[in-house]
Amino acid sequence: MLVDDETIILKPLAELISAFGYETLEASKWSSALKLFRKHKKSLALVIMDFFMEDIEGTEAFNELREIASDVPVVITSGYIQEGRIQKLLENGAVAFLEKPYTFEEVQELLSKFAKR
């Protein structure tokens with residue numbers, strides 16, 4: 001599942017992940033992301049989530065996901081490095097941080113490491 005309020009990032013990332021053979025769910029609003037997450041939590045292999053979204057901040061969003069299903073791997077992305085805040089999320093269970101702009105290879109590596117087909 002991909003969560004980013006910038007569709008200019010969300011759509012190409014979804015296409016890239018689909019090209020690797022994975023199905024994707026996409027949300028550009030946090031309310032939509034929560035609905036998708038609740039509905040598909042048993043089948044989600046990975047969540048790639050932007051830290052800074054228009055309608056929620058990354059720490060709060062991550063905590064909400066953890067309350068619903070703590071076993072789904074979550075990768076945090078951002079173009080603005082917030083070392084202390086990102087580090088805290090990694091300590092609390094986020095599996096990785098992916099700095100924007102990310103490369104084809106970085107996305108492929110994350111998928112092969114954390115996502116099941």
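Coordinate-derived values only; no laboratory data. Keep in mind the model is a prediction, meaning the values are calculated, not measured. Note that we place each Cβ from the backbone using ideal geometry, even for glycine, and neighbour counts take in every protein chain shown.
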Worksheet item: Is segment 108-115 home to any residue that is under 12 Å from residue 1 (Cα atoms) and of a type in the set (Asp, Glu)?
Response: no
Worksheet item: If we keep just the residues of segment 93-110 that are out of contact with any Leu (no Cβ under 7 Å at 6 or more places or on another chain) and surrounded by 13 or more Cβ atoms within 10 Å (Cβ to Cβ), which is nearest to residue 58 (Cα to Cα)?
Response: 94
Fill in: Hey, residue 56 over 16 Å from residue 9 (Cβ atoms), under 14 Å from the mean Cα position of the chain (by Cα) and among the aliphatic types (A, V, I, L, M) or not
yes
